[in-house]
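Novice: Sharing a structure with you now.
The values are calculated or read from the model by the stated rules, or taken from the named source; none is laboratory data. Note that the structure is predicted; figures quoted are calculated from it, not measured. Don't worry about glycine lacking a Cβ; one is built from the backbone with ideal geometry, like all the others, and counts go over all protein chains shown. Quick note on the areas: whole protein, heavy atoms, side chains included, nothing else; ligands and nucleic acids left out. Shrake-Rupley method; radii C 1.70, N 1.55, O 1.52, S 1.80 Å.
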Amino acid sequence: MRESDTYQAILEEGRMEGRVEGQLKEAVRALLLVGTPRFGEPDAAVVRRIENEARLEQLEEWLRHVTQVESWTDLPNFGE
């Protein structure tokens, strides 16, 4: 069974999902680490918004803009 193409495909899919999940967690961590000294401790709504973001591209966009805005809510598309 371990040699079957289907089994191997399922394992690979699980690995990919794990990598994406890890990248999301690291992007959230990085955003909070960089943003907190600049904007202050985020309130619960801001933390929830950041932690619930499922698109890595959005988290990366916020990271790119964190030094260009004045508050958490000024980040592009933050209020979506």
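Novice: Is there any pair with a first residue in the range 24-49 that is closer than 17 Å to E61 by Cα and a second that is among the charged types (D, E, K, R) and open to solvent by less than 50 Å² (accessible area, probe 1.4 Å) whose Cβ atoms are under 8 Å apart and which are 6 or more apart or on different chains, and what are they?
Specialist: Taking only residues 6 or more apart or on different chains, the pairs are L24/E53; V28/E53.
Novice: Could you grab the pairs with beta carbons closer than 9 Å, sequence gap of 6+ or different chains, first residue in the range 54-65 and farther than 12 Å from P76 by Cα, second one at pLDDT below 95 and open to solvent by 40 Å² or more (accessible area, probe 1.4 Å)?
Specialist: Short answer, once both residue conditions are applied: L56/V20; L56/Q23.
Novice: Considering the range 18-65 alone, what residues qualify as being in a loop (DSSP other than H, G, I, E, B) and open to solvent by less than 70 Å² (accessible area, probe 1.4 Å)?
Specialist: G40, P42, E53
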